[in-house]
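The values are calculated or read from the model by the stated rules, or taken from the named source; none is laboratory data. Quick caveat: nothing in here was measured; it's all calculated off a predicted structure. With ideal geometry, Cβ positions are generated from the backbone for all residues, glycine too; neighbour counts draw on all protein chains shown.
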Amino acid sequence: MKQLLLFGLLTLQFSGFIQAQTGSLTGGEAFDKKWIRTGQSEMAYYVVRNGEMLEICSFSITVQSTAKTLNLYTSLQFLNSDERWIDTSISEATTLNPVYRSSYNKDRSYSLKYGKTVTGYYNDHKTRKRTPVHESVNGFYVDSYLYPYLLGALPLELGYRTSLNIYDYMHGRSSNIKQVKVQEVKSGIYKSPHTDDHKVWVVSVLEEGTGDKYQYYIDRESRRIWKIEVDAKGQQIVLIDKEPDYNPFTTKFNKAATIKLITEGNGVISGQAFARDNQAGIKGIAVLNVNKKQYAREGTAIVLIPYTDYFKEWVELNDAGRKKGKSYPLHKEATECIKMTTVYDDEGHFEFVNLMPGKYLLYTEFGYIHKATRTEVIGYTDTYINGAYQGTSENTTSYSYNANVSAIVKKIVSIDKPGEKVSVKLKKTL
């Protein structure tokens, strides 16, 4: 996919605002600098195939500002791959005139210096051929990497329309100046999986040189890009804000104190994980000596979570969100404070060591065999007395069958003093 599509789509989603003021591009278009924000953001990149979205990349972008320049740095990471694309774009802070651009991936790299003449070089990493770049350009233009960033700074309103000249370098092309048109601006709603509904401007953009169409969902209040839909020669692409700044927690996470709980103590939690099938007819009660223990298999994962206020809030948020179809993932530092071990024999035994006094949530999931009985009607019998019909009764037969089911077990365990050894049973009765 061409570079404009890959890199030019990520740039309204940053944490700190540049000093608010109205500016004017050299081409005459007004823009409001209060919408140009610095910081970091991330979007997920999907291709649409047969109506289903498949995530293939993740973008991260950093925006920095100085008194003279606006600097954009992007890293595109392909999923399940070490391949990464890195881009840099530098523009003048007051006019957004392009100053410098570089791009690198495993196949090629280039570096450009902007002005009335664009100069630089293009390296083909496969052929090891270096080609100089020297192109004269007339009139005002912005770097293709920057123009989506500019969209949110324009005076968007219903019916707004404008055109921009952009420089989008592609090796071997005689002219790299092309025009993009804002064809339509209308109202819409973006439904975030985390922060609910947002009123947006739906901005439709046409790239005249290729016929590719873009729809940007830009927040009306913050000018954050929530979503981008692309139709490029019949290929559909969707980019969605990952909202890495979203934090539903009211409890502050303390990694240093939490990691100590699971690494610097001398307490032990050990036990067994097993399930009992229930054939007693009463939910949750199994018949001893009849419903034998079915132990978690060797290698089954057992998870231990320090049950601090932060993790307790996380559990409560997910329990409440489950009813609405929402989930609240943990951030990376929190996941690094979760401990895991595995069952080490055929009787479901496991151990956790080096634990300090505190509360811990144990969790496991494993499969076992549930034995059930099914009754089936195989016929009917009519009853007559002295020729008079008295009624009909069902003829039934019962048979047993086995089904594979999953046991999900959670248990809160306390270590009350240093060095205490606690034995637990993680059991499930169907």
- prompt: So how many residues does the stretch 53-89 have that are in contact with a Ser or Thr (Cβ under 6 Å, 6 or more places away or on another chain) and β-branched (Val, Ile, Thr)?
  reply: 4
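Being of a type in the set (Asp, Glu), modelled with pLDDT under 85 and in a strand (DSSP E or B), is that true of even one residue in the stretch 379-402?
At the first step, the residues of the stretch 379-402 found to be of a type in the set (Asp, Glu) are 382, 394.
Still in the list and also modelled with pLDDT under 85: 382, 394.
Still in the list and also in a strand (DSSP E or B): 382, 394.
Yes, the stretch 379-402 contains at least one residue that is of a type in the set (Asp, Glu), modelled with pLDDT under 85 and in a strand (DSSP E or B).
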statement: Over the stretch 289-330, the set of residues in contact (Cβ under 8 Å) with a residue 40 or more places away in the chain and loosely packed, with under 12 Cβ neighbours inside 10 Å is 299
Scope the stretch 232-246; condition surrounded by fewer than 19 Cβ atoms within 10 Å (Cβ to Cβ) and in contact (Cβ under 8 Å) with a residue 60 or more places away in the chain; matching residues: 232, 235, 236, 238, 242, 244, 245
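For the stretch 218-227, give me each residue that is more than 19 Å from residue 44 (Cα to Cα) and either at pLDDT below 90 or part of a strand (DSSP E or B) (or both). I'd like the intermediate steps shown before the answer.
If we filter the stretch 218-227 for residues that are more than 19 Å from residue 44 (Cα to Cα), which is where we start, we get 220-222.
Passing the criteria: only 222.
Report whether or not residue 82 is assigned by TED's automatic domain parsing to the domain that holds residue 123, charged (D, E, K, R) and at pLDDT 90 or above.
Details: assigned by TED's automatic domain parsing to the domain that holds residue 123: yes; charged (D, E, K, R): yes; at pLDDT 90 or above: no.
When the stated conditions are applied, residue 82 does not pass them.
Check 207, 229 and return the single one that is in contact (Cβ under 8 Å) with a residue 60 or more places away in the chain and crowded, with 16+ Cβ neighbours inside 10 Å. Spell out how you get there, then give the answer.
Working: 229 fails: in contact (Cβ under 8 Å) with a residue 60 or more places away in the chain.
When all the criteria are applied, what remains is 207.
Say we look at the stretch 129-155 and pick out the residues that are surrounded by fewer than 19 Cβ atoms within 10 Å (Cβ to Cβ) and of a type in the set (A, V, I, L, M); which of these is nearest to residue 185 (Cα to Cα)? It would help to see each step written out before you state the result.
Keep residues of the stretch 129-155 that are surrounded by fewer than 19 Cβ atoms within 10 Å (Cβ to Cβ), which gives 129-140, 155.
Imposing the further condition that a residue be of a type in the set (A, V, I, L, M) reduces the set to 133, 137.
Values: 133: 37, 137: 30 Å.
Looking at the filtered set, the residue picked out is 137.
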Members of the stretch 60-78 that are assigned to a strand (DSSP E or B) and over 17 Å from residue 101 (Cβ atoms): 60, 65, 77, 78
Qualifying positions in the stretch 149-174 - touching a Ser or Thr at 6+ places or on another chain (Cβ under 6 Å) and either more than 18 Å from residue 92 (Cβ to Cβ) or aliphatic (A, V, I, L, M) (or both): 166, 168
- prompt: Listed residues 178, 186; which is assigned by TED's automatic domain parsing to the domain that holds residue 57, among the basic types (Lys, Arg) and over 28 Å from residue 52 (Cβ atoms)?
  reply: 178
message: So, in the stretch 161-192, exactly how many residues are surrounded by 14 or more Cβ atoms within 10 Å (Cβ to Cβ) and within 11 Å of residue 141 (Cβ to Cβ)?
response: 9
query: Quick one: residue 60 ticks every box in (1) loosely packed, with under 13 Cβ neighbours inside 10 Å; (2) within 17 Å of the chain's Cα centre (by Cα) bar one, so which box is it?
result: (1)
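So which of 16, 39, 51 is modelled with pLDDT of 85 or more and either among the acidic types (Asp, Glu) or more than 15 Å from residue 146 (Cα to Cα) (or both)? So that I can check it myself, show each step before the final result.
Values: 16 fails: modelled with pLDDT of 85 or more; 39 fails: modelled with pLDDT of 85 or more.
It is 51.
The rows are residues; the columns are (1) closer than 26 Å to residue 155 by Cβ; (2) without any contact (Cβ under 8 Å) to a residue 40 or more places away in the chain; (3) not polar (S, T, N, Q).
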position: 38; (1), (2), (3): yes, yes, no
position: 49; (1), (2), (3): no, yes, yes
position: 54; (1), (2), (3): no, yes, yes
position: 58; (1), (2), (3): no, no, no
position: 67; (1), (2), (3): yes, yes, yes
position: 73; (1), (2), (3): no, yes, yes
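Do you know which of the residues in the stretch 96-110 that are without any contact (Cβ under 8 Å) to a residue 40 or more places away in the chain and closer than 20 Å to residue 165 by Cα is farthest from the chain's Cα centre (by Cα)? First the steps, then the outcome.
Restricting attention to the stretch 96-110, the residues satisfying the condition of being without any contact (Cβ under 8 Å) to a residue 40 or more places away in the chain are 99-100, 102, 104-107, 109.
Remaining after also requiring closer than 20 Å to residue 165 by Cα: 99-100, 102.
On the way: 99: 33, 100: 32, 102: 28 Å.
Checked the stretch 96-110; the qualifying residue farthest from the chain's Cα centre (by Cα) is 99.
Name the residue that is modelled with the lowest pLDDT, counting only residues in the stretch 229-273 that are basic (Lys, Arg) and under 30 Å from residue 50 (Cβ atoms). Even if it seems obvious, please write down each step before you answer.
So the first thing to find is which residues in the stretch 229-273 are basic (Lys, Arg), and the list is 233, 242, 252, 255, 260.
If we keep only those that are under 30 Å from residue 50 (Cβ atoms) too, we end up with 233, 242.
Working: 233: 86, 242: 90.
So, considering only residues that are basic (Lys, Arg) and under 30 Å from residue 50 (Cβ atoms), the one modelled with the lowest pLDDT is 233.
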